[in-house]
Amino acid sequence: MSETAGFPAREPRPSWTLSVVGARALSPRLCEVSFVADNLAAFSYRPGQDLVLNIPLDADRAARRHYTIRRFDRASHRLDIQFVLHGDSPATQWARDARPGDTMLAEGPRGRTVVSGEADWRLFTGDETALPGIAAMVESLPAGERAFAFVEVAGPEEEQQIETPARLDIVWLHRGGAPTAPSQGLIEALAAFDLPPGVGQACIIGETATVRAQRQALVARGFPKDRIAAEGYWRPGRVGGHDHIVDPDQLAAFGRGRGEGRPAYGR
């Protein structure tokens, strides 16, 4: 394996030519597109991971965007991805117009924000961009496992039903307007949350500044850094990619410069 700038070169990700078989609106700001592909029998992923979608712009160009896998039905080889509809971004325009037979190239899966390790309880926080990932992870939990979630959306019309055998306590935060960076509502909700006893795991995702502030607050309260998966899905002024919120001594594990996921300092 070759190396670049001191980091091992990343193995090529599997690629899939996805074909649309259906699309439906879930709320005013969220739609779900269902895909199939001839080779999805070989597809393997962990709930919370995403695909790099090559959103068609024209015959010769595509915009690369990360989207979380909402669910995968292995029996029918059907893969669902949810799109937040905001503005006139390439992904929003494509999702609004998606029709059966439309195709795109996807790469992956990728991502480290997943349920991992033994835990007495799990914590999930994020905005609507994180909701598909949070829902996928919560639904994967075994019966009786304790889970807590804080999810910020525009209003009650954006809440989504999450079916899980776990014992889930979910708090929906209604901001009543456009997303802000950072989200004080999410930061304050987590600050007011009494951490349960025992070993926890936290998956903190959404807007980068919010994720960074929440991670810092958890660490300051004694939450082990290695029990926190923190990933910024978006931030103002950036187009595409994700931010892995890590400390400087963790950068080597993420292989800076080896892909769309960019390490960002936790402090």
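Computed from backbone phi, the HN-Hα couplings of region 96-105 come to 4, 9, 4, 10, x, x, 5, 10, 7, 8 Hz, rounded to whole numbers (Karplus: 6.51 cos²θ - 1.76 cosθ + 1.60, θ = phi - 60°; Gly and Pro given as x). Compactness ratio for the chain: Cα radius of gyration over 2.2 N^0.38 Å (N = residue count) comes to 0.98.
Restricting the trypsin sites (Lys or Arg not before Pro) of region 6-62 to loop positions (DSSP other than H, G, I, E, B) with no more than 11 neighbouring Cβ atoms within 10 Å leaves R61. The listed residues R227, R122, once ranked by accessible area (1.4 Å probe) with the largest placed first, stand as R227, R122.
Please calculate how many Å² of accessible area the chain carries per residue, with a 1.4 Å probe and no DNA, RNA or ligand atoms counted. Write out the running numbers ahead of the final one.
On the way: 12220 Å² over 267 residues.
Heavy-atom SASA per residue in the chain reads 46 Å².
To the nearest 0.05, what FRET efficiency results for H86 and W172 with a Förster distance of 22 Å applied to their C-beta separation?
Numbers: r = 19 Å, r/R0 = 0.84.
So, using R0 = 22 Å, E works out to roughly 0.75.
Here the simple spin-label model places points 7 Å from the Cα toward Cβ, and for A181 and V199 these points are separated by 3.6 nm.
I want the antiparallel fraction of DSSP beta bridges within the chain, as a percent rounded to 5. Numbers along the way, then the final one.
Numbers: 38 of 69 bridges.
Percentage antiparallel, nearest 5: 55.
Of the residues V52, V21, V219, the one with the largest accessible area comes first in the ranking V21, V219, V52, computed with a 1.4 Å probe on protein heavy atoms. Residues whose amide H lies under 5 Å from that of F150, counting only those 5 or more places away or on a different chain, are F124, T125, G126, V171; hydrogens are built 1.01 Å from N in the peptide plane.
Between the amide H of R78 and those of D73, distances stay under 5 Å, these residues lying 5 or more places away or on another chain, with hydrogens modeled in the peptide plane.
Per the Debye calculation on region 68-178 with a single equal scatterer at every Cα and no solvent contribution, log₁₀ I(q)/I(0) for q = 0.17, 0.23 Å⁻¹ amounts to -0.98, -1.41. Over the chain, dividing the summed -39,500 (n - 2.57) contributions of all DSSP H runs of at least 4 residues by the number of residues returns a 222 nm mean residue ellipticity of -4500 deg cm²/dmol.
How much of the accessible area of the chain, probe 1.4 Å, is carbon plus sulfur, in whole percent?
Details: 6130 of 12220 Å².
Taking all protein chains in place, the chain shows 50 percent carbon and sulfur surface.
Note on D38/R61: beta-carbon distance plugged into 1/(1 + (r/R0)^6) with R0 of 22 Å gives a FRET efficiency of 0.35.
Between S116 and K225, residue separation times 0.36 nm minus the direct Cα-Cα distance comes to 37.9 nm. With the simple spin-label model, which puts each label point 7 Å out from Cα in the Cβ direction, the E11 to A75 separation comes to 3.1 nm. Surface calculation, 1.4 Å probe, protein heavy atoms: S19 sits at approximately 30 Å² accessible. Extent of region 20-129 along its three principal axes (Cα atoms, max minus min coordinate, largest first): 49, 33, 24 Å.
The values are calculated or read from the model by the stated rules, or taken from the named source; none is laboratory data. Not measured: the values here are computed from a predicted model. So basically every Cβ, Gly included, is an ideal-geometry build from the backbone, and we count neighbours across all protein chains shown. These area figures cover heavy atoms from the full protein model, side chains too; ligands, DNA and RNA do not enter into them. Shrake-Rupley method; radii C 1.70, N 1.55, O 1.52, S 1.80 Å.
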